[in-house]
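To start, the structure under review is shown below, and the notes come after it.
The values are calculated or read from the model by the stated rules, or taken from the named source; none is laboratory data. A quick note: this is a predicted structure, and the numbers were derived from the prediction, not measured. Please note: Cβ atoms are built from the backbone with ideal geometry, for glycine as well, and neighbour counts cover all protein chains shown.
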Amino acid sequence: MIREIVQENKMLKKPTVQAGSDERCLIIAKDLADTLRACWSEGRICCSLSANQIGESVRIIALAKHIGGEIFCMFNPKIVLKKEEMDYWEDNACRPKMMYKVDRAYEIAVSYQDANGSQEKVWLSGKLSGLVQQEVDNLNGILPEERATAQVECQLKKKNTFVR
């Protein structure tokens, strides 16, 4: 089911709880994927969402390598190792007309559970690393403007293209 993306700070700052592999959490993961696809069809450029961005205070994120790509979900993601800092410009689904410059690790190791509850660990780099770090921030109640070293307001010029 496609869900509305939350923009109000009270919900986004609310602590999230561990996700299980129960039916409710699987439905939330499906809703995240459906909502991300709906964003793409509206011309939005986001490649990831966290459960609290659709009003659920549970530790689940959905992400794709690129717009229109395969979406996969991580339950209870935890960054266990970071390497090499980078300046990274990112948008956030909760702040659709803003871009934020943040310091992110270029490479990270992430521990998480898959939809079956199996424990997984993966190394990510570049954009995927930045996406997971952003979504873990979201799950931890850190707003994009709190992490940013710079920000700029943008407008959507045409599908998948931002201008300053």
Screening ASP137, ASP91 for residues that are at pLDDT below 95 and either more than 19 Å from ASP34 (Cα to Cα) or of a type in the set (S, T, N, Q) (or both) leaves only ASP91
The residue that is surrounded by the most Cβ atoms within 10 Å (Cβ to Cβ), considering only those in region 1-26 that are free of Cβ contacts under 8 Å to residues at least 40 places away in the same chain and closer than 20 Å to ILE67 by Cα, is ILE2
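Mind telling me which of the residues ALA19, ALA105, ALA64, ALA29 ends up being out of contact with any Pro (no Cβ under 7 Å at 6 or more places or on another chain), under 15 Å from LEU131 (Cβ atoms) and modelled with pLDDT of 95 or more?
The unique qualifying residue is ALA105.
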